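A.B. asks: First the structure, which I've put down as structure tokens, then a few questions once you've had a look.
The values are calculated or read from the model by the stated rules, or taken from the named source; none is laboratory data. Source: prediction; values computed, not measured. Here the Cβ is made from the backbone with ideal geometry for all residues, glycine too, and neighbour counts use every protein chain on show. The area values use the complete protein model at the heavy-atom level, side chains included, leaving out ligands, DNA and RNA. Shrake-Rupley method; radii C 1.70, N 1.55, O 1.52, S 1.80 Å.
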Amino acid sequence: MTGHRSPRRVVSLVPSLTEAVAASAPELLVGVTDWCSHPAGLGAARIGGTKNPDLGRIVALAPDLVLANEEENRPQDLAALRAAGPSVLVTAVRTLDQAWDELTRVLVDGCRLPRPGWLDAAEDAWRALPVPAAIGVSSARTEGGAWGRTAVVPVWRRPWMVLGRDTFAGDLLARLGVRNRYADHTDRYPRIPLDALNAAGADLVVLPDEPYRFTAEDGPEAFPALPAALVSGRFLTWYGPSLAEAPAALAAALAGAR
């Protein structure tokens, strides 16, 4: 990736990784996407979206390293950046354990930084959960509000799309005792008609505010028989400093479903 030379100019095409680098060595960031909202006040140049970055502008920033993700960024864009010269580090995160490994690879191996204290704090926060749960867990435990419940987790509407198999967000929910109704689906983000979602036998709907911005006025009304938990997408789908707060924030949102 970057050989033995420590990168001094980093472009991040992933909001999670932007926040991770900014919390560790903000001076490295020279370019970030329009969707990189944390931390506030980023001074780096904006280079477009995760799916439509301005490749010419990225190359003009002369980065030593470009940070990307297999799911958020298009292979053809990453190939074009590699051909133009910068090293490109692509993460793959489908579980929390993978997130720890990839954050270490990005920050320590890629950016040549010391392991940050916030990463230890985030690992400790998840390790402190009373009973870690595996994907597909079935539990009779009822304390904690949502423990043992089965949820549908929409990520888009028009058309309706939900979490399916092998997703980071699904792993986080499972560790909090919530089983994803579509965890065994053949697709990672299946399109399921709304009537089928309502007839799926779930007893909870989890509505994040990204990538689709579900709100109290836009989402719960589609599931009139289910309690709805409105959750922050940053806590459910981002892998970075937000992981330290995510267990408590998600648990509170799930327990408050109504």
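A.B. asks: Kindly list, by first and then second residue, each pair from a residue in the stretch 245-258 that is touching a residue at least 40 places away in the same chain (Cβ under 8 Å) to a residue that is hydrophobic (A, V, I, L, M, F, W, C) and assigned to a helix (DSSP H, G or I), limited to pairs with Cβ atoms under 6 Å and residues at least 6 apart or on different chains.
C.D. replies: What qualifies is Ala246/Phe235; Pro247/Ala125; Pro247/Trp126; Leu250/Phe235.
A.B. asks: Going by what's in this entry, would Asp187 be described as in contact (Cβ under 8 Å) with a residue 40 or more places away in the chain, closer than 22 Å to Arg94 by Cβ and touching a Lys or Arg at 6+ places or on another chain (Cβ under 8 Å)?
C.D. replies: no
A.B. asks: Is it the case that the stretch 191-203 has a residue that's open to solvent by 10 Å² or more (accessible area, probe 1.4 Å) and in contact (Cβ under 8 Å) with a residue 60 or more places away in the chain?
C.D. replies: Taking every residue of the stretch 191-203 in turn, none turns out to be open to solvent by 10 Å² or more (accessible area, probe 1.4 Å) and in contact (Cβ under 8 Å) with a residue 60 or more places away in the chain.
A.B. asks: Quick one: Pro7 ticks every box in (1) open to solvent by 10 Å² or more (accessible area, probe 1.4 Å); (2) modelled with pLDDT under 95 except a single one, so which number is it?
C.D. replies: Against the list (1) open to solvent by 10 Å² or more (accessible area, probe 1.4 Å); (2) modelled with pLDDT under 95, Pro7 comes up short only on (1).
A.B. asks: I've got another one for you. For the stretch 29-39, does any single residue satisfy the condition of being modelled with pLDDT of 95 or more and part of a helix (DSSP H, G or I)?
C.D. replies: no
A.B. asks: So, one more: Mind checking whether some residue in the stretch 49-56 is open to solvent by less than 30 Å² (accessible area, probe 1.4 Å), closer than 21 Å to Ala244 by Cβ and not basic (Lys, Arg)?
C.D. replies: Checked against the condition, which is being open to solvent by less than 30 Å² (accessible area, probe 1.4 Å), closer than 21 Å to Ala244 by Cβ and not basic (Lys, Arg), the stretch 49-56 yields no hits at all.
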